[in-house]
Amino acid sequence: MSDTTGSGAVSTAGMRTEDPLIGSCARGRTDQPAREHNIQELVAFIESGIKPADAPDRIGIELEHTVVREDGSPVSYAEDHGIAWLLGQLHETYPQGTFDEEGDLLGVARSGEAVTIEPAAQVELSAGPFLSLCDAKRTFDNFENLLAEKLSPQGMKALTVGYHPTARAAELSLIPKRRYRFMNMYFNDRGPFGMRMMRGSASTQVSIDYHSVEDCLRKLRLAGAAGPLFALMCDNSPVFEDERRTHKLVRTRIWNECDPDRCGIVPGSLSPDFTLERYAEYLLDTPAILVPCRKEGCCYTERTFGDIYADLSMTRAQVEHMTSMFFTDVRVKTYVEIRPADAMPIPYAIAYAALVKGLLTTEKGLDEMEALLGDVTESDVVAAKKYLMARGYDAQVYGRGAADLCDRLMEIAAGQLSEEELPFLQPLANLVERRTTLADIAEEQLGR
């Protein structure tokens, strides 16, 4: 099994070399003969995700878990009865395995469900797409029951919190995955928050379908405007770097400070005239961090994707990789992925999925979202994050009280959910009604 160190330190010897596949001379945007072709490849990739207008809307959910011992201390990948052992145990139920070059097990899967591990061995279940929130809840309940069955006899448990409750990021070791070694190297050059994003944080992500390019861009825009309010309602990080937090929305600050090139709002995406071509230009003009190469599978680079593929027509796999290297509040692949929420216990994660479904998967919901948030600008979002981190539900954002806006979002969602699915919204609705969050509640308990 590959060795990992407690500090996660990585030797950079030999890591910054360029592969012959990509060349070695940096070029500017004016010298990219394949640029227009590659823009259209990205457009075609996203268009391939368009679902028929009459197709039912589906929901995908990703929930990250932080595994700790009963005393709260972290569990690493390589230790005895660590996360590698856990994946081996889960492999009996999830028969499809993913291994690295050295034979380390990095993920297991079965139809509709994939268990993967994040940089510091956070365990993620990605499941769906689901037509029914009932099916989603059943799937995640079954997974957590299985985790408890495997972990409890070893004196361990899986937590769903937004930030590691007992450890500093530098104390958490990286898993043996080449991609994460390179990302660690890149983000460390940009300050301390990249390490904290990779190693300490955990999220709930919800993905939705789109039915046209216009529908895709509308959902990107409205979800981006709602993102700070989603982060508030789903705030579940009472501890940061093994100390009580000093402000609300810990993960929002982490992403703000991590890497402005590839985080936050997609530049221009809140404008109604935003296009997929502009989205492609944004991706092409951002440092790649890593790209596929012939020698070792992937190579480190700080050149932009546009520069790397200046003379080369990108394949679908290369385009898909490019989209995966961006961590904006909302990103587009062959679905729209909404990313601001902290990891939360299952009832709240499903409630968040219900909120997103009610807001963004019907025309009436989208129209009401448009009326509420259609005029929000990128500078408004930046300001909203700042005010919400400082004041939570007492903040004024977008010209209104944050509490009133959250009430209205709940009202819109409730109006669009079926009678069967409406009860799933209630756990989150209860928090909004009380003007509190899971992090607030945990913080009160810490103070006792």
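The numbers here are math on the coordinates, done by the rules we state, and not lab data. Please read these numbers as outputs of a predicted model, since none were measured by experiment. No Cβ is skipped: glycine too gets one built from the backbone with ideal geometry, and neighbour counts run over all protein chains shown.
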Cα centre as origin, Lys/Arg/Asp/Glu Cβ charges: the stretch 78-236 dipole, Debye: 520
Once normalised by the length of the stretch 298-390, the mean sequence separation of its alpha carbon contacts under 8 Å that are 6 or more apart gives a contact order in percent of 9
When the charge dipole of the chain is computed with +1 on Lys and Arg Cβ and -1 on Asp and Glu Cβ about the Cα centre, the Cα farthest towards its positive end, among P153, F187, N38, belongs to F187
Quick one: what does P(r) look like for the stretch 337-405 with 5 Å bins over all Cα pairs, in whole %? 3, 14, 18, 23, 26, 13, 2
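Please get the size of the charge dipole for the chain, origin at its Cα centre, with Cβ charges of +1 on Lys and Arg and -1 on Asp and Glu, quoted in debye to the nearest 20. Walk me through the numbers before you get to the answer.
On the way: 47 positive and 69 negative charges, 142 e Å.
I would put it at about 680 debye.
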Sequence-distant residues sharing a close amide H with C293 (under 5 Å, placed H): C298, C299
Provide the three semi-axes, in whole Å and in decreasing order, of the ellipsoid equivalent to the stretch 245-346 as defined by the square roots of 5 times the Cα gyration tensor eigenvalues. 27, 18, 13
Over the stretch 169-258, one equal point on each Cα, no solvent: what is log10 I(q)/I(0) by the Debye formula at q = 0.15, 0.21 Å⁻¹? -0.74, -1.07
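For the stretch 305-445, what is the convex hull (Cα atoms) projected area averaged across all directions, in square nanometres? Before the final figure, lay out the partial values.
On the way: hull surface 45.3 nm².
That works out to 11.3 nm², a quarter of the Cα hull's surface.
Considering Cα pairs under 8 angstrom that are at least six residues apart, work out the relative contact order of the chain and quote it in whole percent.
Values: 838 pairs, mean separation 97.1, N = 448.
Averaging sequence separation for qualifying contacts and normalising by length gives 22 percent for the chain.
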Calculate the length of the line joining the C-alpha centroid of the stretch 312-336 to that of the stretch 371-448, in whole Å. 29
Note: A148 to A44 extended length (0.36 nm per residue) minus current alpha-carbon separation gives 33.2 nm
In vacuo Debye scattering of the chain, one point per C-alpha: log10 I(q)/I(0) at q = 0.05, 0.13 Å⁻¹? -0.17, -1.27
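Suppose we take every Cα in the stretch 93-212 and form the convex hull; what volume per residue is that in Å³? Before the final figure, lay out each step's value.
Numbers: hull volume 19.1 nm³, N = 120.
Once divided by residue count, the hull of the stretch 93-212 is 159 Å³.
For an R0 of 22 angstrom, estimate the FRET efficiency from the Cβ-Cβ distance between H247 and N430 and round to the nearest 0.05. Present the calculation step by step, with values, prior to reporting the outcome.
On the way: r = 24 Å, r/R0 = 1.08.
After rounding, the FRET efficiency stands at 0.40.
Gain in length, E92 to A34, computed as 0.36 nm per residue apart minus the alpha-carbon separation, to one decimal in nm? All intermediate terms of the calculation are to be shown ahead of the outcome.
Working: separation 58, 0.36 × 58 = 20.88 nm, distance 4.59 nm.
Result: 16.3 nm gained on full extension.
GluC sites (Glu not before Pro), restricted to the stretch 257-362: which are DSSP loop and have at most 14 other Cβ atoms within 10 Å?
E296
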Remind me, relative contact order of the stretch 131-244 in percent, using alpha carbon pairs under 8 angstrom and six or more residues apart? 38
